[in-house]
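Notes follow once the structure below has been shown.
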Amino acid sequence: MEFATFADRAGTIDAEAADLEIVARVRDLLAAAGDDACEGAKPETLELVARFAQGRVFPAWDSTTLDIGPSACYEAIARAAGTNVSADDIEDRLADVGEIGDVAASYDFGGQQGLSAFTGGGTDDSSDDLTVREVYETLVDLAHAEGSGSQDRKVDLLFGLFNRCSSEEARYLARIVLSEMRIGVGEGTVRDAIAGAFDVPEDRVERALQVSNDYGRVARIARDEGLEGLDAMELEIGRPVQAMLAQAGTVTDALEEWDEAGVEWKYDGARIQLHYVPGDAETTAETRVFSRNMEEVTDALPEVVEFADDTLEEPVILDGEVVAIDEDGAPLPFQEVLKRFRRKHDVAKAREDVTVRPVFFDCLHADGEDLLAEPLTTRHDRLRSVLGGADAADHTDGDGTTADADVEGLSLLWLTDDPDEIESIDADALEAGHEGIMLKNPASTYSPGRRGKHWRKRKPDVETLDCVVTGAEWGEGRRATFLGTFELAVRAGDDLETVGKVATGITDEKLAELTELLEPHIATEDGQDVDIEPAIVFEVGYEEIQTSPTYSSGYALRFPRFLSVRPDKDPADADSLERLARLHGQ
Ligand code: AMP
């Protein structure tokens, strides 16, 4: 296919606003590219067009980049535009026009246009007609230019392309090179267009895209092998897939929607996807690590490679987080991981300063078997076993997770419908220095690239309340010597009115500390119940404020959780009933 044809069709897609019509035009573009005679060339024109339409040169799983900055692209455009045009002129025009495609299209590039005019519009046998394949092959050369002088070589190659472009071709070439296609063709558009062009169902195209992460290949297989071919597509070790994403959410919503929630600690690190193939008599094991954006980061993270070599025995794709840790193994803030992640030089030196370790929470593939369609619990069981733990575990009580606890590199998973238990898992996570918790639907499949409802990061407390502690209860059993279940109150004029009780989310160590702090203020005791003189202020988080007859304020905090003692505050500084009412009304 000529690049002019691609540019022309891209122009008609660009001019269209209605989604369905855009899909129809992309479908026609793919169908036309699919008919292109390509004599076994790989990748086929169809694959290239499916990528170009999204402003991509390489498949999403491929870490190859053109590695050419905007200024080099301006330089190439300027050179092709004529002797009196400089890169600065291009930049000035960009500042006026706002978009590089429009800037490129505003120049006459000579070559192709002159020839087209001469031959009456350009024909197939005109050797000067730029083809989609030639553009691709030149961009591959450009991507692979390395070493000294490579930037000049890249500009030369790009200049060579622009020099052969018409204005419209230049518009889309510039956009492809700078990954700013902007013709309204998102991933969903290409999915629907593939389905339409080759008569296969959209959901099966979607699945094939999820496992392969390669629009071009899916389009080709849809055309050549139809549904059967699409369904046979599988994950490939070494080709990263898009990470499943989380949305913000609350415990209340999670427990309302799912029978029980999967609860995990939320680690404050950087997302990694590990691809591992064990070695055999002839080959050594191969580990590759990718970032959330599917960039290869293997060389920056030797600890992860060593972990894989020491632990793994079967081919796997694992999803997890790499966390920076101190000498005791306690997590360090996210900024520390950033000193290691993506680092290309002096990795050994950086490793001396900051140590990282991986924690895995999902298993997408193990030993030839794709697990994306399996429920979370099955994937977690498989994950435990590939990491050297037991084949199955009961996650439904605290003790069940002991099956996970000794497995190095495994994120613990609790299954529970008890909000109090979730609070205490959250407290333990915060206490251990992690970010909080993730709530996951135990029945959910793994949906690459989706920010769906099945994974929820617990919303951080937007507003917290400073409440006076007015009562407590002595604990039971192991906690008999600790005060717990603290009654909370807000100010109402000179009085205090209760708003709830905070019971969970507090570790034994913290309970001992709070008992010591509150014991001197005990006013009266009645069995386990204790009245406490107003003296101590707690900062508490909550999910919601409800009206409720249970407490004297007329309001109740939903899922209150202890955050800290406020030694700097007196009861007179605590929050008021008015503020509570205001927050409730928001
Ligand atoms: P956010 O980056 O705030 O959107 O939160 C989602 C991110 O949390 C994920 O992309 C992971 O990088 C990270 N994360 C940490 N712990 C977990 C976990 N247990 N499960 C899933 N994601 C996690």
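Picking from residues in the range 346-377 that are assigned to a helix (DSSP H, G or I) and away from the ligand (no atom under 16 Å from the Cβ), the one that is surrounded by the most Cβ atoms within 10 Å (Cβ to Cβ) is Arg351. Against the criterion of being away from the ligand (no atom under 16 Å from the Cβ), farther than 28 Å from Ala15 by Cα and not polar (S, T, N, Q), Glu202 does not qualify. Looking at this structure, is Phe307 open to solvent by 10 Å² or more (accessible area, probe 1.4 Å), away from the ligand (no atom under 15 Å from the Cβ), within 15 Å of Glu408 (Cβ to Cβ) and among the aromatic types (Phe, Trp, Tyr)? It is true that Phe307 is open to solvent by 10 Å² or more (accessible area, probe 1.4 Å), away from the ligand (no atom under 15 Å from the Cβ), within 15 Å of Glu408 (Cβ to Cβ) and among the aromatic types (Phe, Trp, Tyr). Candidates are the residues of the range 562-586 that are free of Cβ contacts under 8 Å to residues at least 60 places away in the same chain and open to solvent by 50 Å² or more (accessible area, probe 1.4 Å); the one that is nearest to the chain's Cα centre (by Cα) is Gln586. Among the residues making up the range 142-161, those that are part of a helix (DSSP H, G or I) and within 31 Å of the chain's Cα centre (by Cα) are Leu142, Ala143, His144. The set of residues in the range 245-263 that are outside any helix (DSSP H, G or I), away from the ligand (no atom under 14 Å from the Cβ) and crowded, with 17+ Cβ neighbours inside 10 Å comprises Trp258, Glu260. Consider the range 310-345 and keep the residues that are part of a strand (DSSP E or B) and more than 14 Å from the ligand (Cβ to nearest atom). The one that is nearest to the chain's Cα centre (by Cα) is Ile317. Just so you know, in the range 212-221 the residues that are of a type outside the set (Asp, Glu) and open to solvent by less than 10 Å² (accessible area, probe 1.4 Å) include one that is nearest to the ligand (Cβ to nearest atom), and it is Asn213. Any residue at all in the range 499-514 that is under 38 Å from the mean Cα position of the chain (by Cα), open to solvent by 60 Å² or more (accessible area, probe 1.4 Å) and within 25 Å of Arg579 (Cα to Cα)? Checked against the condition, which is being under 38 Å from the mean Cα position of the chain (by Cα), open to solvent by 60 Å² or more (accessible area, probe 1.4 Å) and within 25 Å of Arg579 (Cα to Cα), the range 499-514 yields at least one hit.
When only residues in the range 222-244 that are under 19 Å from Asp370 (Cα atoms) and assigned to a helix (DSSP H, G or I) count, which is farthest from the ligand (Cβ to nearest atom)? Here the answer is Glu228. Selection of helices (runs of 4 or more DSSP H) fully inside the range 1-102 by the criterion of at least 1 residues being closer than 16 Å to Arg220 by Cα and open to solvent by less than 20 Å² (accessible area, probe 1.4 Å) returns 19-34, 45-52.
Taking the range 432-481 as the region of interest, the strands (runs of 3 or more DSSP E) fully inside it that hold 2 or more residues being within 13 Å of the ligand (Cβ to nearest atom) and open to solvent by less than 40 Å² (accessible area, probe 1.4 Å) are 436-440, 451-458. Of everything in the range 264-288 that's hydroxyl-bearing (Ser, Thr, Tyr) and either free of Cβ contacts under 8 Å to residues at least 40 places away in the same chain or open to solvent by 50 Å² or more (accessible area, probe 1.4 Å) (or both), which residue is farthest from Val386 (Cα to Cα)? This residue is Thr283. For the range 264-288, a residue qualifies if it is near the ligand (Cβ under 9 Å from one of its atoms), outside any loop (DSSP other than H, G, I, E, B) and touching a helix residue (DSSP H, G or I) at 6+ places or on another chain (Cβ under 6 Å), and the qualifying residues are Trp265, Ala270.
The values are calculated or read from the model by the stated rules, or taken from the named source; none is laboratory data. Just so we're clear, the structure is a prediction, and the values are computed from it rather than from any experiment. For neighbour counting, all protein chains shown are included, and Cβ atoms are generated from backbone atoms with ideal geometry for every residue, glycine included. Accessible surface areas use protein heavy atoms only, side chains included; no ligands, DNA or RNA. Shrake-Rupley method; radii C 1.70, N 1.55, O 1.52, S 1.80 Å.
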